[in-house]
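Heads up, the thing below is written out as structure tokens.
The values are calculated or read from the model by the stated rules, or taken from the named source; none is laboratory data. Computed from a predicted model, the values in this text were never measured in an experiment. Cβ sites come from the backbone with ideal geometry, for glycine too, and all protein chains shown count toward neighbours. We work out accessible area using only protein heavy atoms, side chains counted, and drop any ligands, DNA or RNA first. Shrake-Rupley method; radii C 1.70, N 1.55, O 1.52, S 1.80 Å.
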Amino acid sequence: GELQKVFSMPLGVNEIPLADMTTAYQTLLTGKIYKCADGDWNEPCIIQEIKDRDGRTLFVNSTESKRVLSDTVTAQIGIMLRSVFVHGTARSQLDNITLNSPDGKTKLKYPALGKTGTTNDYRNVAFMGAIPTYVPSKNGFALDSVIAVGSYIGFDDNRPLKSGRTRIAGASGGLPQWASF
């Protein structure tokens with residue numbers, strides 16, 4: 001989308017839709033931009049496939065991609081976004097993002113990545129995160145294939161998310177609902 005031409009742009013004064021920000025995080029981690037058969041480059045691919053009630057596939061949305069960032073850049077970004085869970089504002093959810101074995105006896109921490117965000121005066125909060133997917137050819141999880149999800153909380157009339165001494169920040173507002181999802 002078009003960004004406002006203002007001097008404070010690096011400070012985050014431009015409005016960016018949640019879907020656009022989520023797509024940007026996917027690109028930062030995979031190094032690729034994507035195009036669905038029914039869309040344009042960098043548009044979110046909302047529908048992957050449609051099946052009828054009997055399980056017959058009615059529609060499959062093919063996807064193509066092109067690399068825009070090197071593996072070196074995406075690996076460094078992945079390390080930074082992982083550290084938000086290990087050492088930063090998302091550490092409250094580190095032990096909650098897990099994979100469980102079918103019998104429930106084994107529980108493994110899932111390598112979630114993300115970033116909390118809070119605007120001035122607590123008017124909006126968000127959590128942008130991603131989880132790597134299993135890549136059979138690599139026999140494991142890989143950052144070049146992620147599911148990126150964004151979580152946002154705010155009032156339609158832009159009121160602050162605070163009452164008395166209570167303040168809702170990205171870590172206490174956007175993150176818990178992201179982790180629950």
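Sorting the segments 132-144, 72-84, 18-30 by their mean number of nearby beta carbons within 10 angstrom, highest to lowest, gives 18-30, 72-84, 132-144. Taking 30 Å as the limit for the C-alpha separation, the pairs K115/K162; K35/K107; K32/K115; K66/K115 exceed it in the case of K35/K107.
Estimated from helical segments only, the mean residue ellipticity of the chain at 222 nm is -6000 deg cm²/dmol, where each DSSP H run of four or more residues counts as -39500 (n - 2.57).
A 1.4 Å probe run over the stretch 117-181, with the rest of the protein chains in place, finds 58 Å² accessible per residue.
Note on the chain: with neighbouring protein chains present and a 1.4 Å probe, carbon and sulfur make up 54 percent of its accessible heavy-atom surface. Cross-link reach is defined here as a Cα-Cα straight distance under 18 Å, omitting same-chain residues fewer than 8 places apart; for K138 the aspartates and glutamates meeting it are D71. Between the amide H of V68 and those of K32, I33, distances stay under 5 Å, these residues lying 5 or more places away or on another chain, with hydrogens modeled in the peptide plane.
Q48 sits among other residues whose Cβ lies under 15 Å from its own Cβ, and their net charge, with Lys and Arg +1 and Asp and Glu -1, is -2. All alpha carbon pair distances within the stretch 19-62 were sorted into 10 Å bins beginning at 0; the resulting P(r) in whole percents reads 27, 42, 23, 8. Near G129: Cβ cut-off under 11 Å, other residues only, Lys/Arg at +1 and Asp/Glu at -1. The net charge is +2.
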